[in-house]
Amino acid sequence: DVKVTQSSRYLVKRTGEKVFLECVQDMDHENMFWYRQDPGLGLRLIYFSYDVKMKEKGDIPEGYSVSREKKERFSLILESASTNQTSMYLCASTGGSGREKLFFGSGTQLSVL
Amino acid sequence: AQSVAQPEDQVNVAEGNPLTVKCTYSVSGNPYLFWYVQYPNRGLQFLLKYITGDNLVKGSYGFEAEFNKSQTSFHLKKPSALVSDSALYFCAVRVLGSGNTGKLIFGQGTTLQVKP
């Protein structure tokens, strides 16, 4: 089965720090996503990548950037963390013939103090 | 603009009773609709999808969903709820014009609580 691995389950950072969230998938999927999950707001798309070095902004890209240097790895970067970026971050991937089925990682709960 | 709405924050049901989790959508054209489930401390898992064809689609863990075009709804159902079904459920629609990229718009989620 597809495995999407997020490097940290819980992360605590200080305001102003640069934060890296890492995501790796093992199924050679072309498409990878970063979502943010907040109670009552569901999942909101931050960034999306459809190929190596290719990226597209989602609905809430402000304050975030991404990097995809290798097909299996998609990184989310908070250039200068702020308290309103405290949230659950979910990585997902899809590809191949069943590309409408997203596979999600377990999530990273980020707290910015 | 496309959107998905889940009108109930929480649904409570007794074990063994039928359950329904509601979802309505607003989409131009024919929608591609999905349900995902999130168990505590886990990522989301795919349950089922509607692309075309039969309005009643069957998915994992005994769940099914009924597509109703006239009511623009895609409600999730199960004939007999289990305590282990307690989780957070998300309805989603594929973004129009996104091709096969897998981009989805999610609803706000509904917590299902099944009591013994």
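Based on this model, can you work out whether B:Lys22 counts as more than 14 Å from chain A (Cβ to nearest Cβ) and exposed (fewer than 12 other Cβ atoms within 10 Å of the Cβ)? No, not satisfied. All but one of (1) assigned to a loop (DSSP other than H, G, I, E, B); (2) surrounded by 13 or more Cβ atoms within 10 Å (Cβ to Cβ); (3) touching a Phe, Trp or Tyr at 6+ places or on another chain (Cβ under 9 Å); (4) at pLDDT below 95 hold for A:Asp1; state the number of the condition that does not hold. With respect to (1) assigned to a loop (DSSP other than H, G, I, E, B); (2) surrounded by 13 or more Cβ atoms within 10 Å (Cβ to Cβ); (3) touching a Phe, Trp or Tyr at 6+ places or on another chain (Cβ under 9 Å); (4) at pLDDT below 95, A:Asp1 is out only on (2).
B:Phe63 versus (1) touching a Cys at 6+ places or on another chain (Cβ under 6 Å); (2) away from every other protein chain (no Cβ under 14 Å): which is the lone unmet condition? For B:Phe63, the exception is condition (1).
Scanning region A:17-60 for residues that are over 18 Å from A:Gly107 (Cβ atoms), of a type in the set (Ser, Thr, Tyr) and touching a residue at least 24 places away in the same chain (Cβ under 8 Å) returns a single hit, A:Ser49.
Taking region A:56-90 as the range and being of a type in the set (A, V, I, L, M, F, W, C), under 27 Å from B:Val37 (Cβ atoms) and more than 8 Å from every other protein chain (Cβ to nearest Cβ) as the test, the residues that pass are A:Ile60, A:Val66, A:Phe74, A:Leu76, A:Met88. The residues listed here are B:Ser70, B:Ser84; of these, the one that is in a helix (DSSP H, G or I) and either open to solvent by less than 20 Å² (accessible area, probe 1.4 Å) or not aromatic (Phe, Trp, Tyr) (or both) is B:Ser84.
Within the set A:Ser7, A:Ser80, A:Ser111, the sole residue that is touching a strand residue (DSSP E or B) at 6+ places or on another chain (Cβ under 7 Å), open to solvent by 50 Å² or more (accessible area, probe 1.4 Å) and farther than 24 Å from B:Val93 by Cα turns out to be A:Ser7.
Listed conditions (1) free of Cβ contacts under 8 Å to residues at least 12 places away in the same chain; (2) within 11 Å of another protein chain (Cβ to nearest Cβ); (3) open to solvent by 70 Å² or more (accessible area, probe 1.4 Å) are all met by B:Lys103, apart from (3).
When region A:48-100 is filtered for residues that are modelled with pLDDT of 95 or more, among the polar types (S, T, N, Q) and not in a strand (DSSP E or B), the ones remaining, listed by number, are A:Ser80, A:Ser82, A:Thr83, A:Asn84, A:Gln85, A:Thr86. Among the residues of region B:6-60, the ones that are over 30 Å from A:Tyr10 (Cα atoms) and either part of a loop (DSSP other than H, G, I, E, B) or without any contact (Cβ under 8 Å) to a residue 60 or more places away in the chain (or both) come to 27 in all. Conditions first: (1) within 12 Å of chain B (Cβ to nearest Cβ); (2) surrounded by 13 or more Cβ atoms within 10 Å (Cβ to Cβ); (3) part of a loop (DSSP other than H, G, I, E, B). A:Cys23 passes all but one, so which condition is the exception? Result: A:Cys23 passes all but (3).
The values are calculated or read from the model by the stated rules, or taken from the named source; none is laboratory data. What you are looking at is a predicted structure, and each value in this text was computed from that prediction instead of being measured. All Cβ positions, even for glycine, are placed from backbone atoms using ideal geometry, and neighbour counts span all protein chains on display. Surface areas here come from the heavy atoms of the whole protein model, side chains and all, with no ligands, DNA or RNA. Shrake-Rupley method; radii C 1.70, N 1.55, O 1.52, S 1.80 Å.
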